[in-house]
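Engineer: I'd like to ask you about the structure that follows.
The values are calculated or read from the model by the stated rules, or taken from the named source; none is laboratory data. Note that the structure is a prediction, hence the values are computed from the model and not measured. Positions of Cβ are generated from backbone atoms using ideal geometry, with glycine treated the same way; all protein chains shown enter the neighbour counts. Surface accessibility is based on the protein's heavy atoms, side chains included, excluding ligands, DNA and RNA. Shrake-Rupley method; radii C 1.70, N 1.55, O 1.52, S 1.80 Å.
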There are 2 protein chains.
Amino acid sequence: MLADELKTYDIQQLEETAERLRGKLIAAVKENGGHLSSNLGAVELILALYKVFDFPQDKLIFDVGHQSYVHKLLTGRELDSLRQEGGASGFPDPQESEYDSFIAGHCGTSVAAGIGLCNARDLKGETFKVISFIGDASLGNGLALEAMFSAEEKPKNFIVVLNDNGMSIDKNHSALYRAISKATTKSKYRRVNSFLDKTFKPTSFFGKKLRRFKYSIKGWLNRNDFFERGGFKYVGPVNGHDLRELIGVLKDIKNLDKPVLLHAVTIKGKGLEAAEQDPSRFHGVGKNFAENENSFSVALGRLLCAKAQEDPSLVAVTAAMTDGVGLADFAQKYPQRLFDVGICEEYAVTMAAGMAKGGLFPVVCIYSTFLQRAYDEIVHDVCLQNLPVVFCADRAGFVGADGKTHQGLLELSALRGVPNLHIFAPKDCAELADVFDFAKSIKAPCLIRYPNGYAPNLGTRQKISEYFLWETLSDGDGIVVLASGARAVARALEAKKLSGLADVKIVNCRSIKPLDARVLDAVAGKKILTFEEGYKTGGLGSAVAEYYADRGIPARLKIMGAQEKYFAHASAQQQAESARLCAKDLALNLQAFAAQE
Amino acid sequence: MLADELKTYDIQQLEETAERLRGKLIAAVKENGGHLSSNLGAVELILALYKVFDFPQDKLIFDVGHQSYVHKLLTGRELDSLRQEGGASGFPDPQESEYDSFIAGHCGTSVAAGIGLCNARDLKGETFKVISFIGDASLGNGLALEAMFSAEEKPKNFIVVLNDNGMSIDKNHSALYRAISKATTKSKYRRVNSFLDKTFKPTSFFGKKLRRFKYSIKGWLNRNDFFERGGFKYVGPVNGHDLRELIGVLKDIKNLDKPVLLHAVTIKGKGLEAAEQDPSRFHGVGKNFAENENSFSVALGRLLCAKAQEDPSLVAVTAAMTDGVGLADFAQKYPQRLFDVGICEEYAVTMAAGMAKGGLFPVVCIYSTFLQRAYDEIVHDVCLQNLPVVFCADRAGFVGADGKTHQGLLELSALRGVPNLHIFAPKDCAELADVFDFAKSIKAPCLIRYPNGYAPNLGTRQKISEYFLWETLSDGDGIVVLASGARAVARALEAKKLSGLADVKIVNCRSIKPLDARVLDAVAGKKILTFEEGYKTGGLGSAVAEYYADRGIPARLKIMGAQEKYFAHASAQQQAESARLCAKDLALNLQAFAAQE
């Protein structure tokens, strides 16, 4: 394994390896999509860590995992089929390799998980080193900040590597970042720093002896006691692309038994000129760097721009996903009314609650998988006060290549029980606008969920309203299919054809909460099949079952939804296949159901 | 209203008012229970705010709300029936008074909500002041830290009052606190500070003119740029019990249009000697300062002490609720194995995941209402990795006097869909031990939910095991009652008697996930009534409905659970009555169900 060979490499060999790895990264992401800029910026840091530490005895914990591709390459994983079914995951996963010490995918976890591992190690009397590798954007997340500042004393032999590329996913809005970056921008500091770097060159005699001294002076000059207050010895800033310097400093740190924060300054997108110039464009990229057209995200962006013109009280809130949720144009047109708070989902939601309380109409746009990071804020700050906040849960349902950590299968089950919350799922981009208008008219908390990727327009028979919460798309006297969400509705229409059952009735359940009592009462006693792309437990089917039970109506109900498991990376279509939620699966179920007496 | 009169009071009258208010606080909490120490410490701060600002035009936002009683007294609310049905809530609530600008109850919300209100104000061109009032313990919460450090620029005319009493609910473990308190402990600083205070006495000529200058020097000496980095002008520290000083400083701040953080140092429990000596004992107190005996919390504490002796890998984790969840003795006996991380629920859970990954067996003890603050960490860090972490959700079900913000009705609905998670609800304290052993044996994520207050022992017929997930407590051929949780099971047994229906079968559903398929299959086709103290939506009833639907069995099911609403403060029994979840309600339902053909 390359990780073992590295130990014997000299600096020049390591530099050559860095070059080679960069080439692999670019090729892999071009082929399969993924996160490019962050990985390009972390090449030398990862190499230096592998040169100095002994993984997997020592533990390396990534945060989010956008910087883990080199680590994957070094530990026997090829990126040829990165993020594809059967290929390497785009994120660290202990099930994939023993070198992946902890799961990653969501933000801000690495320091807390690292401290937990250290606590376990110390109680068990073990001696390995634990390294949490975190980007500057992740550090602003509440979980990371809690971990930095909560515990009275940090464990020994614990190293936080702060990979500071000065970028969040979009750009760094963070006041925290200002604090961190102080060191690298103060001109007086810079001059002395440069003097020290020259005087104590790592290659010089003094450099070798006095490296630690140099970083002590740097740290002192820096006066950045932000991290010292968290109980860490602060070391840095170091040039995160200088292998010789990095290896030297890491060797010193390895011999300290204190908790250390190593501040490494890197360039996001390093080595690919286009990515260096515009790192956020290359942050997360689809195959061949293509963009999705005719997606809900694009439709939402257009919709909010139009609505913002009509209604000056409309504001948009997001958490470092301005581009991802389709708000790039909105940000251009209404910069004062776009609140991108960085990777702070909790703050985004409670701040939105404050804005709603103050008379604005906030639309909070967050991916489904990240919305659960603000669960309590949705309940306690928005719904308890019954405030008019609309949540747009993008990437709901199977999420495709991002896999396990990013699936949008849970939010319906998670949030259906929250009092005052309304939940909608439009069947296509055109209906998104209707649902949005309806949600706005309710003046109460609303969640609108929709998937990523291409979504065909299916045509509307009846706009959503209080009297037509649901819409019958295809009529019939036989089995009633209650389908919810764009993919489920499209598949239901196809399944009717595949099944050959002309009497199947297809209903578009675009409102999951409340249910459409008119329709449910009309079809009571019939064979009913619910169909959704979300966990079966607690979802639409469950809601329908509750409805009939509540009224003492014995229901003949079949529930189709995702099994309770974490679906690995593959295309969203493949994931639906493995969950048996495709049109053909529904068609088979319809035939079997029809055959029952 | 007293709030208006205050404007005309001089310092002496205000000081007398402070005395009077303290008397009222102590009497009210003695009578009704509630939060004493925090409120005693905040008297002068609140009075000074009311003297200087114009509420409710200006907005005062509390954090958690443990310090809001004086504010309630000033704004027309009596505390005679505090936290009782129909009396004042123990927390701020906009539905109770227009002076309550935002909900409070959970921690860390005030800064985010305040910024949201400011954003709304500024976009609408309004001019009032917004004041977020936060304790030092709350500031360490991730949501608060996100709000402090996230936004690029803080709004103008925004004041954060940091009420620094140097205490968390238990004690302050926080590294953050070390940072804040630096100013007040450095001896050199203290000397200069005292010189400044003497030289520029607020009553002296220079004092009046140069007050702002004094606090600038203090701030500079302090060199506590922790808050300046968050974009605030730091003012302080000031003596939070000196009305003259407070009013002077607040007047100055009112005229600044910058975002300001005012650091006020106070004594928790001020004015009640016993509370000053032992503020954590007087933090939250029941009526007449009594303690609950024979409660699940006490039972859990004993259980964990015993288990810890058997199993050196057992560690306990909590978030500033060591006493509340029953871990006081554990903390004494096993200080190295008790991790109380302060009010950082997210960190608690992810850190526990790290410890589990490192080979320990963490038991995370958090109130049901606060567990949802770590929703994503439960899903992403614990359950996705299928780690052996046991969550003990104390105060599940109706919570009583704490009311709306603290109800434990949601966690079952919220978490039932999470893959890999097992969910249990023992019927009594004796069964807690059995369930705990069973949960431990599974070596997977488990949640054990139980209510607060007195719980009678009901006697066990069959210990929980893989083959006896559920237990039949009273047999019969008629209606099957599936009851889950201590209160529901006790009421079900009583209801059978009340109903006069000797053939009712009572089943103790101590495992909600997984369900007991053996029992469900055996009773399929019978009349089934599910009964639980939690939201009806997505709870046990919903799970049973799903089970039968999945197998194509038309169920004759009736679901009894709490309606989807936020239940206000009252006794837990009164709350159950208002939700129609008492024994008599069940008895009536049984009779009606029995009468159906």
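Engineer: Looking only at region A:454-467, count how many residues are closer than 28 Å to A:Leu371 by Cα and open to solvent by 20 Å² or more (accessible area, probe 1.4 Å).
Structural biologist: Qualifying residue count for the region: 7.
Engineer: So, one more: Pairs needed: first member in region B:81-93, surrounded by 19 or more Cβ atoms within 10 Å (Cβ to Cβ); second member anywhere, among the basic types (Lys, Arg) and part of a loop (DSSP other than H, G, I, E, B); C-beta distance under 8 Å; at least 6 residues apart or different chains.
Structural biologist: Partner pairs satisfying both residue conditions: B:Ala88/B:Arg77; B:Ser89/B:Arg83; B:Gly90/B:Arg83.
Engineer: I'd like the full set of residues that are under 20 Å from A:Asp434 (Cβ atoms), crowded, with 24+ Cβ neighbours inside 10 Å and not small (Gly, Ala, Ser), limited to region A:384-400.
Structural biologist: Passing the criteria: A:Val389, A:Val390, A:Phe391, A:Cys392, A:Asp394.
Engineer: Okay, next question. Among B:Ala549, B:Ala576, which is the only one that is in a helix (DSSP H, G or I), free of Cβ contacts under 8 Å to residues at least 24 places away in the same chain and of a type outside the set (D, E, K, R)? Explain how you work it out, then say what you get.
Structural biologist: Values: B:Ala576 fails: free of Cβ contacts under 8 Å to residues at least 24 places away in the same chain.
None of the others qualify; the one that does is B:Ala549.
Engineer: Now for a separate question. Which residues, taken from region A:304-325, are modelled with pLDDT of 95 or more, open to solvent by 10 Å² or more (accessible area, probe 1.4 Å) and touching a Gly at 6+ places or on another chain (Cβ under 9 Å)?
Structural biologist: Answer for region A:304-325, where residues must be modelled with pLDDT of 95 or more, open to solvent by 10 Å² or more (accessible area, probe 1.4 Å) and touching a Gly at 6+ places or on another chain (Cβ under 9 Å): just A:Ser313.
Engineer: Then there is this: Looking at region B:347-357 only, could you name the residues that are at the interface with chain A (Cβ under 7 Å from one of its Cβ atoms) and open to solvent by less than 10 Å² (accessible area, probe 1.4 Å)?
Structural biologist: B:Tyr347, B:Thr350, B:Met351, B:Ala352, B:Ala353, B:Gly354, B:Met355
Engineer: Could you give every pair whose Cβ atoms fall below 7 Å, whose first residue belongs to region A:476-496 and is open to solvent by less than 10 Å² (accessible area, probe 1.4 Å), and whose second residue is β-branched (Val, Ile, Thr) and in a helix (DSSP H, G or I), counting only separations of at least 6 or pairs across chains?
Structural biologist: So the pair list comes out as A:Val480/A:Val523; A:Leu482/A:Val544; A:Ala483/A:Val489.
Engineer: Which ones in region B:554-566 are within 7 Å of chain A (Cβ to nearest Cβ) and either part of a helix (DSSP H, G or I) or under 30 Å from B:Ile103 (Cα atoms) (or both)?
Structural biologist: Matches in region B:554-566: B:Glu564, B:Lys565, B:Tyr566.
Engineer: Moving on. Of the conditions (1) at negative phi; (2) in contact with a helix residue (DSSP H, G or I) (Cβ under 9 Å, 6 or more places away or on another chain); (3) modelled with pLDDT under 95; (4) among the small types (Gly, Ala, Ser), A:Gly166 clears all except one; give me its number.
Structural biologist: Of the numbered conditions (1) at negative phi; (2) in contact with a helix residue (DSSP H, G or I) (Cβ under 9 Å, 6 or more places away or on another chain); (3) modelled with pLDDT under 95; (4) among the small types (Gly, Ala, Ser), the odd one out for A:Gly166 is (1).
Engineer: Given the structure, is A:Gln407 on the phi < 0 side of the Ramachandran plot, open to solvent by 10 Å² or more (accessible area, probe 1.4 Å) and free of Cβ contacts under 8 Å to residues at least 60 places away in the same chain? Before the answer, list the steps.
Structural biologist: Details: on the phi < 0 side of the Ramachandran plot: yes; open to solvent by 10 Å² or more (accessible area, probe 1.4 Å): yes; free of Cβ contacts under 8 Å to residues at least 60 places away in the same chain: no.
For A:Gln407, the condition - on the phi < 0 side of the Ramachandran plot, open to solvent by 10 Å² or more (accessible area, probe 1.4 Å) and free of Cβ contacts under 8 Å to residues at least 60 places away in the same chain - is not met.
Engineer: Next up: Just need a number here: residues in region A:520-539 that are charged (D, E, K, R), crowded, with 22+ Cβ neighbours inside 10 Å and in a loop (DSSP other than H, G, I, E, B).
Structural biologist: 1
Engineer: Still on this structure, please answer the following. Would you confirm, using the coordinates I've provided, whether A:Glu78 is under 26 Å from the mean Cα position of the chain (by Cα) and without any contact (Cβ under 8 Å) to a residue 12 or more places away in the chain?
Structural biologist: When the stated conditions are applied, A:Glu78 passes them.
Engineer: Take region B:122-148 and flag every residue that is at the interface with another protein chain (Cβ under 7 Å from one of its Cβ atoms), in contact with a strand residue (DSSP E or B) (Cβ under 9 Å, 6 or more places away or on another chain) and in contact (Cβ under 8 Å) with a residue 24 or more places away in the chain.
Structural biologist: B:Ala147
Engineer: Would you mind stating whether B:Asp329 is more than 8 Å from chain A (Cβ to nearest Cβ), acidic (Asp, Glu) and in a helix (DSSP H, G or I)?
Structural biologist: yes
Engineer: A further question follows. Can you say whether B:Ala401 is under 22 Å from the mean Cα position of the chain (by Cα) and outside any helix (DSSP H, G or I), as far as the supplied structure shows?
Structural biologist: The answer is yes for B:Ala401.
Engineer: Examine region A:358-372 for a residue that is assigned to a helix (DSSP H, G or I), buried (at least 24 other Cβ atoms within 10 Å of the Cβ) and over 12 Å from the mean Cα position of the chain (by Cα), and state whether such a residue exists.
Structural biologist: Checking region A:358-372: not a single residue is assigned to a helix (DSSP H, G or I), buried (at least 24 other Cβ atoms within 10 Å of the Cβ) and over 12 Å from the mean Cα position of the chain (by Cα).
Engineer: Right, next: Looking only at region B:497-513, count every residue that is aliphatic (A, V, I, L, M) and surrounded by fewer than 16 Cβ atoms within 10 Å (Cβ to Cβ) and tell me the total.
Structural biologist: 1
Engineer: Still on this model: From the set of residues in region A:240-275 that are part of a strand (DSSP E or B) and of a type in the set (Val, Ile, Thr), which is farthest from A:Glu153 (Cα to Cα)?
Structural biologist: The qualifying residue farthest from A:Glu153 (Cα to Cα) is A:Val265.
Engineer: Looking at B:Ile366, is it within 26 Å of A:Val130 (Cβ to Cβ), touching a residue at least 24 places away in the same chain (Cβ under 8 Å) and out of contact with any Ser or Thr (no Cβ under 6 Å at 6 or more places or on another chain)?
Structural biologist: Against the criterion (within 26 Å of A:Val130 (Cβ to Cβ), touching a residue at least 24 places away in the same chain (Cβ under 8 Å) and out of contact with any Ser or Thr (no Cβ under 6 Å at 6 or more places or on another chain)), B:Ile366 qualifies.
Engineer: Take region A:53-69 and flag every residue that is in a loop (DSSP other than H, G, I, E, B) and either in contact with a strand residue (DSSP E or B) (Cβ under 6 Å, 6 or more places away or on another chain) or open to solvent by 10 Å² or more (accessible area, probe 1.4 Å) (or both).
Structural biologist: Answer for region A:53-69, where residues must be in a loop (DSSP other than H, G, I, E, B) and either in contact with a strand residue (DSSP E or B) (Cβ under 6 Å, 6 or more places away or on another chain) or open to solvent by 10 Å² or more (accessible area, probe 1.4 Å) (or both): A:Asp54, A:Phe55, A:Pro56, A:Gln57, A:Asp58, A:Asp63, A:Val64, A:His66, A:Gln67, A:Ser68.
Engineer: Then there is this: With the structure loaded, tell me whether B:Arg551 is modelled with pLDDT under 95 and within 8 Å of another protein chain (Cβ to nearest Cβ) or whether it fails that test.
Structural biologist: Here the answer is no, as B:Arg551 does not meet what is asked.
Engineer: Which of the residues that make up region B:95-111 are in contact with a helix residue (DSSP H, G or I) (Cβ under 7 Å, 6 or more places away or on another chain) and over 21 Å from B:Arg121 (Cα atoms)?
Structural biologist: The answer is B:Gly105, B:His106, B:Cys107, B:Gly108.
Engineer: Same structure, new question: Six or more apart or on different chains, Cβ atoms under 7 Å: show the pairs whose first residue is in region A:414-443 and away from chain B (no Cβ under 14 Å) and whose second is at pLDDT below 95 and buried (at least 23 other Cβ atoms within 10 Å of the Cβ).
Structural biologist: Here the result reads A:Asp428/A:Ala455; A:Cys429/A:Ala455, each pair linking region A:414-443 to a residue that is at pLDDT below 95 and buried (at least 23 other Cβ atoms within 10 Å of the Cβ).
Engineer: Also: When you go through (1) charged (D, E, K, R); (2) at pLDDT below 95; (3) open to solvent by 40 Å² or more (accessible area, probe 1.4 Å); (4) within 30 Å of B:Cys118 (Cβ to Cβ) one by one for A:Lys270, which number turns out not to apply?
Structural biologist: Condition (4) is where A:Lys270 drops out.
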